[in-house]
Every structure is written in structure tokens, then in C-alpha cells.
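No lab work stands behind these numbers, since they all come straight from the coordinates. Please read these numbers as outputs of a predicted model, since none were measured by experiment. Using ideal geometry, Cβ is built from the backbone for each residue, glycine included, and neighbour counts are taken over all protein chains shown.
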Amino acid sequence: MDSLLIEIADYVHHKEINSDLAYDTARYCLMDSLSCGFLALAYPECRKMLGPLVPGASMKGGCRVPGTPVQLDPVKAAFDIGTLVRWLDFNDTWLAAEWGHPSDNLGAILAVADYQNRVKGESVTVRDVLTAMIKAHEIQGILALDNSFNRVGLDHVLLVRVASTAVAAQMLGCDYDQTVNAVSNAWIDGGALRTYRHAPNTGSRKSWAAGDATSRAVRLALIAKTGEMGYATALSAPNWGFQDVLFNGKQITLRMQLDSYVMENILFKISFPAEFHAQTAVECALTLHPQVKDRINDIERIELETQEPGVRIIDKTGPLNNFADRDHCLQYMAAIGLIFGELTAEHYTDSVASDERIDACRAKMVVRENESFTQDYYDLDKRAIGNSIQVFFNDGTSTERVEVQYPVGHRKRRDEGMPLLEDKFNNSLNVVFDAIQAQNIRNAFGNHVELDGTPVKEFMELFVKATSDVSQLLV
């Protein structure tokens, strides 16, 4: 049996999480992930993905999707929740050899928890959801430390499928062997290509890819629950295993023992819905905005230093074709900050992108790697995501060089970030719910002891919309 399958199954079945910091952070993560989903409901392109696969094929008494009236089977519910959380690229993130967004796993976790509690009648509380979140974060994040799947062209949602499969299997009542079988099948599924994240094919699939991965995980866990077999050397089999077929023969490893490191150190996107390698660049741009807003046409060049992943992933020149292209372009995000002094999801729309000043600024940007930023990025004690910007004008003057190492969502800025995260959550409630329902939700999150003990079916009831018309989801 591949040792990695054993380690993952041992962890989800036997590891007790004893970190108060991990649970405190997980509550914030749950709050933040829900807020991302509520904000996403404002976008018709997201809403069209929701609901039963076949119109009318809802499941009375089934799993709920927060912010909507729909009731679904757990597989489609996982897709919908995962898609909502991920749509705006505003949920938490994790940067390593492989990056990703561990809260993507919440699709499977909430759907399965609601299914087990509401449909199956089993005792499942919010505390169980938090434990599953900590474990899913850990599996995805520790696998990402040393194993770079994007370097071979595979998308990071591969790790969402693996992590979600493991925790969903345990939550569904799979025994140890069934969990191993489920996880082996998650690896055998292979991986989605990163085609939809890169020019010339950048597109909206990146906004529902995580929903797809987390729903597939629930399906694999349900299959394993029936007693369907697994595959002992799904990773290591010569010629036909994952490692030989898709990972250039390299062994997939875990740098450290699975515990609660990832949740404790997760990175929140608080201020900007932007690819995380650019978060500090946008902060630099906002700092410089007062000095350049009236001199945009006088700019000679803009020097932008970033980490190696920032150069490799989001350094883009030339035309940007859509929302998905723009929110993964370092130059575009920095230009928005310099010109407008803010960055919201609306700034990625066609109407804003047509502003000629944006591409003019992009054309004047010189992007290069700062090796010290790269070194601090990969240092597990620092986990910095540094960027710097300096603007030079035609008359020979310039701004100061502004450098930011840690974004506001970093663990090193938790005291500053958490009140802002709560504001993000409260503002998102106002998008979807009336004043009374929004206040009931705030009250539920206000008492951690009561929240942890709340049955999931009651927790999910907080977010149900009375309307049956998806087009009427917003306040």
C-alpha cells in the first residue's frame, strides 16, 4: 500500500486536533468563506451554475446551499457551495511549491455535514465542520509544500479533490479501509489541466473548477462507502501510477507530519479580490495613489519587483480578454490601484477595463524578480509575499519606493486583519439577507461556544432564502 494513502487515512480517522489557534482561525475561515459566497451571488454568471443539474430535480429535505433556497443531493450541493466560495477569487489561500485555496474544500464539508445531520439524522455540529476544515486544509497545504503539480501542467484543484475525498469519507462514516480506497481513487482521477488559467485560454472555468473537484470528492467517498475497491499503488505503480504517468516519476511526499499547521498559518484575502501573489503589490499601489492619481499621463515608467512565483504566474503583457485574465495579471491589478485607489471585483469588468489609462500604465511597467522576496517567500518561518513599486515621471522626478512584505491577511498581521475580515463578512450579509436575518447570522457567530455546539442543520437554516426565484436572491 502506498504510504501516502495510509498517512492521509490515519490522519482523518485518528488525529485529534488540540490547537485552540487552529479552531479560532477555522471559525474565521468559515465566516470568510461564506462571505465570499454571498458576494458571488451578485454575479449572474455565477448564479447560472447553481441548482439541480436537471431543472426541477431538486431533493426535498436535501442539502442547502447558503444564500439560496435550493435543496440538492450532496454531490451537487458540494459543487454549488464550492463554486460560490471560489467564484470571486476572494477566499483564503496557501502559497508553497503548489498554491491553492484550502477553503475550496468547504463545498464537500458543508454538503456532507448537512446531509448526515439533516437527511441521515446523525449528530453533526459546527465543531465537526471546523475539525474537518482543519484537516482538509492540512492535507491540501502540506502536500503543496514540496509537490509542484502546476510545474507539470496540472491544476491545484487536484489537491482539493484529494483532501475533500479524505474528510468526506470519514464524515460519511467510511471505515479506515474505505477511506484509503476513496483517496486512492481520487489520485487515479488524475488532474485537470491548467489550460483555463493561462493565456490564450484564460477563462471562467477557474471559478468553478474547485466546485467540480470538491463535488467529485463527495462522489468518490459515496462510492467507497458502498464497499467499492481501491488501488493499493495508485501513486507508485510502475508505468501506470500517478507518479510515473503525471509527475515525471517523482515521488509525492509530505514535508511534515499532518497536524494543524496550515490552518494556523492560512492567508486570508481581506482587502482585495486578487491573486494572492499580487496582494502586497496592490497595497503598494494604493499607498502611491495620492501621489500619482493626477499625474497618470506624466508617468515614464513603473518599476515593480515581486517574487519568482509572481513573475511566473501573473506577469502578463498584451491583451487581457476577460475577468479571469485581469484578476490574474499583476500589472492590471497594480494599475487599478494606482489609478483608482481601490480594487474591487467590479474593476475586472469590461466596462472598467475599457479605460485607456489602465493599459497605458501596464505598458510602462517593468516587472522583475527580487531574489530576497523569493527567498522569504519560501522560508516557512516568514512565508512573506513581498512586492514593491516605484513610479518615475517624465520630468525626472519619482515617488519613493514602497515595499510591503506581508499582506493584511497574513498571520503576522492577524490583529489588524481580523476586524477587517468581520467587516467583509458583515458587508456580504447585506448583499443577500434582510436586516433581521443578517442580524441572526451575526448573533450566531458572536458566541463561539454556542456556535460550535450548533447542529449543522440548524446552522445551515440560518442562510436559507425564502424566494424560489434564483434571480431574486439579492436584497
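General remarks:
- Above 22 Å, the calculated P(r) of segment 199-321 contains 67 percent of its Cα-Cα pairs.
- Part-to-part distance (alpha-carbon centres) for segment 94-114 and segment 221-265, which is given in Å: 17
- Look at D2, D128 and count the other Cβ atoms within 10 Å of each Cβ; fewest to most, that gives D128, D2.
- Each 5 Å bin, from zero up to the one with the longest distance, holds this percent of the alpha carbon pairs of segment 392-475: 3, 11, 14, 15, 14, 11, 9, 6, 5, 4, 4, 3, 1.
- Oblate is the label for segment 339-408, because a/c, from the alpha-carbon gyration tensor with a ≥ b ≥ c as root eigenvalues, is 1.5 or above and a/b does not exceed b/c.
- Each residue in S103, S260, S148 was given a count of other beta-carbon atoms within 10 angstrom of its own, and listing them fewest first yields S148, S260, S103.
- For peptides 178-189, 378-389, 312-323, sequence by mean Cβ density within 10 Å, most packed first: 178-189, 378-389, 312-323
- E403/M229 FRET efficiency (R0 35 Å; Cβ-Cβ; nearest 0.05): 0.05
- Part-to-part distance (alpha-carbon centres) for segment 313-364 and segment 442-460, which is given in Å: 40
- Annotation: extensible slack from D298 through K382 equals 26.5 nm (criterion: 0.36 nm per residue apart, minus Cα-Cα distance).
- Residues in segment 1-19 reached by a label modelled at W240 [backbone nitrogen below 16 Å; 7 Å Cα→Cβ]: 1-2
- Segment 91-169: proportion of alpha-carbon pairs further apart than 23 angstrom, %: 23
- Using the Karplus relation 6.51 cos²θ - 1.76 cosθ + 1.60 with θ = phi - 60°, the per-residue 3J(HN,Hα) values for segment 60-66 come to 4, x, x, 7, 8, 10, x Hz, with x marking Gly and Pro.
- Ranking of T83, T195 by count of other Cβ atoms within 10 Å, fewest first: T195, T83
- Cα long-axis angle, helix 126-146 against the chain (0 to 90 degrees, to the nearest 10): 60
- Derived scalar couplings between HN and Hα for segment 161-171 equal 4, 5, 5, 5, 4, 5, 6, 5, 4, 5, 5 Hz in order, rounded to whole Hz, by the Karplus curve 6.51 cos²θ - 1.76 cosθ + 1.60 (θ = phi - 60°), x for Gly and Pro.
- Gap separating the Cα centres of segment 121-196 and segment 39-53, nearest whole Å: 24
- Each DSSP beta bridge with both residues in the chain is either parallel or antiparallel, and the antiparallel ones are about 75%.
- Square roots of 5 times each gyration tensor eigenvalue, C-alpha, the chain, largest first, Å: 36, 26, 20
- Options W240, M263, H289, ranked by Cα towards positive dipole end of segment 221-315, top entry (Cβ charges): W240
- Near M365, the amide H atoms lying under 5 Å from its own belong to I302; only residues 5 or more places off or on other chains count, and H is placed 1.01 Å from N.
- Site pair R442 and N394 shows an inter-label distance of 5.0 nm when each label is modelled 7 Å from Cα along Cα→Cβ.
- Working note: 222 nm ellipticity from helices only, DSSP H runs with n ≥ 4, each -39,500 (n - 2.57), summed and divided by the residues of the chain, gives -15000 deg cm²/dmol to the nearest 500.
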